[in-house]
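S.K.: Could you have a look at this structure, given as structure tokens, before my questions?
The values are calculated or read from the model by the stated rules, or taken from the named source; none is laboratory data. No experiment lies behind these values; they were computed from the predicted model shown. Here the Cβ is made from the backbone with ideal geometry for all residues, glycine too, and neighbour counts use every protein chain on show. The protein model used for the area step is the full one, side chains on, heavy atoms only, and it has no ligands, DNA or RNA in it. Shrake-Rupley method; radii C 1.70, N 1.55, O 1.52, S 1.80 Å.
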Amino acid sequence: MTTHEAVQTVPERYRTAVVPHIMVADAAAAIDFYGRAFGAVEEFRLDRPGGGGVLHAEIRIADAVLMIGDTSDGPFSAPPELGGTSVALHVFVPDVDALVRGAVAAGAELLQEPADQFHGDRTAILRDPSGHLWVFLTHLEDLSGEQLEGRLSRAGG
């Protein structure tokens, strides 16, 4: 996929998307993993008073913010407690191939190899040790709705 004009690797419309808040069984370990696997930077952390894990933390992967905390009594559960997850976390990064290499080396499960997609992004799908699904993307080209529909039709979708 090529284009004559330079495109942003993270489309502007996704820079201020909904901020996910994920729950895990061991937030401290997950934060460490995300740092090693995805290059995440911990912005801040609030530990539960008297111990008992992380009440709330925020990390940044590329330009995306993610909230994270340990599960507790209440409405939030971690994927293993639910037997899976219905949510995939999409993050645009400058180089999906490099991120995937580091993530797999750190222990992420590769579900879909990086590949150029009809919609103009190069994508890969990973599962982290906490059971969350991640779709990492590098934006390659801007397409009109008509171009997207034509490519989808040719792809057999």
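S.K.: Output ³J(HN,Hα) for the range 44-53: one whole-Hz value per residue in order, computed from phi by the Karplus curve 6.51 cos²θ - 1.76 cosθ + 1.60 with θ = phi - 60°, and x for Gly and Pro.
M.R.: Taking θ as phi minus 60°, the curve returns 6, 8, 10, 7, 5, x, x, x, x, x Hz for the range 44-53.
S.K.: Could you give me the ³J(HN,Hα) list for the range 119-128, computed from phi with Karplus coefficients 6.51, -1.76, 1.60 and θ = phi - 60°, whole Hz, x at Gly and Pro?
M.R.: Working through the residues one at a time gives 7, x, 10, 9, 10, 9, 10, 10, 10, 8 Hz.
S.K.: Let me check something: with ligands and nucleic acids excluded, how do Thr9, Thr138 order by accessible area (1.4 Å probe), largest to smallest?
M.R.: Solvent-accessible surface, decreasing: Thr9, Thr138.
S.K.: Over the Cα atoms of the range 67-135, how large are the radius of gyration and the largest Cα-Cα distance (Dmax), in Å?
M.R.: When restricted to the Cα atoms of the range 67-135, Rg and Dmax are 13.7, 43 Å.
S.K.: Shifting gears a bit: Relative to the longest principal Cα axis of the chain, at what angle does helix 145-155 sit, 0 to 90 degrees, rounded to 10?
M.R.: That helix lies at roughly 90 degrees to the long axis.
S.K.: Per residue, how many Å² of accessible area does the chain show with a 1.4 Å probe?
M.R.: Each residue of the chain exposes 57 Å² on average to a 1.4 Å probe.
S.K.: A further question follows. Calculate, for Leu148 and Met67, the FRET efficiency according to 1/(1 + (r/R0)^6) with r their C-beta to C-beta distance and R0 30 Å; round to the nearest 0.05.
M.R.: About 0.45, to the nearest 0.05.
S.K.: Give me the distance between the Cα centres of the range 123-149 and the range 39-54, rounded to whole Å.
M.R.: Going from one Cα centre to the other spans 28 Å.
S.K.: Quick one: with all protein chains in place, what share of the accessible area of the chain is carbon or sulfur, to the nearest percent (1.4 Å probe)?
M.R.: Carbon with sulfur: 53 percent of the solvent-accessible area.
S.K.: Here is a follow-up. So for each of 75-86, 108-119, 30-41 I average, over its residues, the number of other beta carbons within 10 Å; can you give me the resulting order with the highest mean first?
M.R.: Ranked from most to least packed, the peptides come out as 30-41, 108-119, 75-86.
S.K.: Just how many % of Cα pairs in the chain lie over 27 Å apart, if you round to the nearest whole percent?
M.R.: 29 percent
S.K.: On full extension of the chain, what length is gained from Asp47 through Ala155, given 0.36 nm per residue of separation minus the C-alpha to C-alpha distance?
M.R.: Value of the extension gain: 34.1 nm.
S.K.: Now for a separate question. So who's got an amide H within less than 5 Å of the one on Val93, skipping anything under 5 residues away but keeping other chains? H placed 1.01 Å off N, in plane.
M.R.: Result for Val93 returns Leu137, Thr138, His139.
S.K.: Further question: Starting from the Cα of Glu12, step 7 Å along the direction of its Cβ; do the same at Ala29; then give the gap between the two resulting points in nm.
M.R.: Simple spin-label model gives 4.3 nm for this pair.
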